[in-house]
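Participant: One structure, pasted below without further comment.
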């Protein structure tokens with residue numbers, strides 16, 4: 001979701017969900033029966049305390065212990081860093097595409113698309129009482145220029161020529177070339193930090209910022225432990241009258257099973273994990289008035305292959321793998337809310353932008369063609385049933401997965417069986433929690449694995465984060481997106497074609513070309529459509545987005561949407 005690198009905190013980013021097995025369903029049923037017998041479980045409940053303050057308990061997704069890192073530029077920033085503590089110049093709603101003034105009260109882009117001018121909102125203060133001015137914004141962008149590890153969206157490489165702050169309320173960005181999309185990352189995806197608190201930091205890339213972080217957001221860091229992080233209301237917040245939640249608790253939860261048990265036990269208000277429909281009997285059906293979930297398609301799930309590694313640098317291998325995967329079977333057995341994706345990877349909500357030649361296209365399983373492609377590439381099947389090249393090197397690799405992310409672990413196990421049928425040895429490498437998983441993807445120290453994509457208001461944004469060669473990095477260096485490390489001149493040219501024009505016909509032609517690359521070159525393999533995993537209760541607060549009021553994607557993993565949603569909530 002992080003703006004995606006808008007997301008991208010890579011929290012986001014966000015792991016959007018995991019599935020639960022039948023054992024958990026039985027456990028949940030027992031727990032709920034026990035709770036009913038005990039009159040609701042006893043003890044305090046979230047949202048209620050002796051002083052009647054409103055508290056919600058919030059877990060974007062289970063990741064194990066909380067990390068002590070509140071640097072908004074870190075790929076491992078702790079929950080709440082982006083949104084609760086640090087804010088962007090604009091809030092660009094991922095669901096509606098609407099650009100909302102935020103730290104900037106207004107903005108204007110020149111007709112030649114080369115200059116963006118922001119007016120910084122008057123009266124905004126950092127949580128230590130010092131005023132936020134254009135000098136802080138200028139400092140933030142120059143900090144990213146000087147410390148390239150902070151420029152996770154590649155703004156200085158891709159977009160920015162120069163920045164200036166001609167006065168205390170004006171910030172201007174001069175672009176290297178015309179861009180219709182730069183505003184998404186510059187205005188909506190860059191978190192502003194205070195000059196006075198950061199100018200003496202020796203290494204801002206590694207700065208943990210865990211000692212009273214100074215931000216502009218609606219909350220202050222209150223308690224910071226591996227087991228529990230709490231945020232309390234910032235009394236000096238520039239939208240203080242909109243903050244009706246006094247405290248936010250972020251407990252450490254290791255896996256889905258624990259998270260859902262806590263949800264059923266009334267210990268969580270907002271959670272984002274994948275859902276088995278059988279769990280409804282133990283959750284929503286127990287209290288339909290207050291216990292809810294809203295699952296709407298939000299991003300395409302990909303089978304990522306490290307194209308800088310053998311054998312994924314061979315087109316026929318990528319094509320053969322895709323043809324062997326049974327997406328309908330995955331939908332039925334492992335990811336029941338995740339409908340199979342279009343070969344273009346474009347979301348259902350954007351289906352009008354699917355090129356005409358792919359409008360009705362669907363994935364099919366063709367194991368015979370898979371093996372034919374492998375043979376065409378020079379591979380021969382050995383006596384053990386596994387294909388190998390002329391030197392005897394087998395098509396064998398590991399697929400990374402996170403223990404407890406049951407939908408993706410289950411999907412990975414199924415993919416292993418599909419690939420074995422066509423003579424590919426694909427093993428599962430399960431890691432204990434999120435950190436080694438995301439680090440492996442970002443540094444390229446993986447062979448293959450399942451993960452999300454970062455959508456936006458048009459297909460361009462998914463394609464940009466997925467395929468833009470300017471956003472990737474050599475193996476061993478961090479790439480916050482484009483984990484498959486696709487760097488193709490034709491792809492980059494199409495992305496630039498879209499970026500440098502406001503002409504809808506020109507942009508559509510670029511999107512059509514990018515779809516052709518997805519289908520024919522298979523830089524990553526679309527599997528299915530991940531939904532916004534969103535479970536919530538109206539017991540303590542109301543105002544959540546839902547199908548009747550879809551003002552934003554509701555996934556708690558999205559930033560800075562998390563802040564925007566919190567500001568819509570009011571005490572029940």
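Participant: Within the group 435, 367, 380, which residue is surrounded by 15 or more Cβ atoms within 10 Å (Cβ to Cβ), at pLDDT 95 or above and at negative phi?
Facilitator: Exactly one residue qualifies, and that residue is 367.
Participant: For the range 498-533, give me the residue count where each residue is modelled with pLDDT of 95 or more and in a loop (DSSP other than H, G, I, E, B).
Facilitator: Qualifying residue count, the range 498-533: 3.
Participant: Answer with yes or no whether residue 259 is more than 21 Å from residue 133 (Cα to Cα), outside any loop (DSSP other than H, G, I, E, B), at pLDDT below 95 and under 21 Å from the mean Cα position of the chain (by Cα).
Facilitator: Yes: the conditions hold for residue 259.
Participant: Considering each residue of the range 215-237, count those that are surrounded by 19 or more Cβ atoms within 10 Å (Cβ to Cβ) and not in a strand (DSSP E or B), and give that number.
Facilitator: The number of residues fulfilling the criteria is 6.
Participant: Which condition number in (1) surrounded by fewer than 23 Cβ atoms within 10 Å (Cβ to Cβ); (2) assigned by TED's automatic domain parsing to the domain that holds residue 330; (3) closer than 24 Å to residue 337 by Cα is the one that residue 518 fails?
Facilitator: (1)
Participant: Please verify whether the range 160-174 includes one or more residues that are under 30 Å from residue 117 (Cβ atoms) and not assigned by TED's automatic domain parsing to the domain that holds residue 99.
Facilitator: Checked against the condition, which is being under 30 Å from residue 117 (Cβ atoms) and not assigned by TED's automatic domain parsing to the domain that holds residue 99, the range 160-174 yields no hits at all.
To keep it simple, each residue is scored yes or no on (1) outside any loop (DSSP other than H, G, I, E, B); (2) surrounded by 16 or more Cβ atoms within 10 Å (Cβ to Cβ).
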residue	(1), (2)
280	yes, no
288	no, no
292	yes, yes
300	yes, yes
303	yes, yes
310	no, no
313	no, no
317	yes, yes
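Participant: Continuing with the same structure: I'd like to verify a number: residues in the range 442-486 that are part of a loop (DSSP other than H, G, I, E, B) and within 20 Å of residue 552 (Cβ to Cβ), how many?
Facilitator: Counting residues in the range 442-486 that are part of a loop (DSSP other than H, G, I, E, B) and within 20 Å of residue 552 (Cβ to Cβ) gives 7.
Participant: With the checklist (1) modelled with pLDDT under 95; (2) touching a helix residue (DSSP H, G or I) at 6+ places or on another chain (Cβ under 6 Å) in hand, flag the one item residue 52 doesn't pass.
Facilitator: (2)
Participant: Taking helices (runs of 4 or more DSSP H) that fall entirely within the range 96-205, which contain at least 1 residues that are modelled with pLDDT of 95 or more and over 30 Å from residue 459 (Cα atoms)?
Facilitator: By residue number, 134-146, 195-198.
Participant: Between 404, 392, which is in the same structural domain as residue 428 (by TED's automatic domain parsing) and more than 36 Å from the chain's Cα centre (by Cα)?
Facilitator: 392
The values are calculated or read from the model by the stated rules, or taken from the named source; none is laboratory data. None of these values were measured; they are calculated from a predicted model. When we count neighbours, we look across all protein chains shown, and the Cβ atoms used for this are built from the backbone with ideal geometry, even at glycine.
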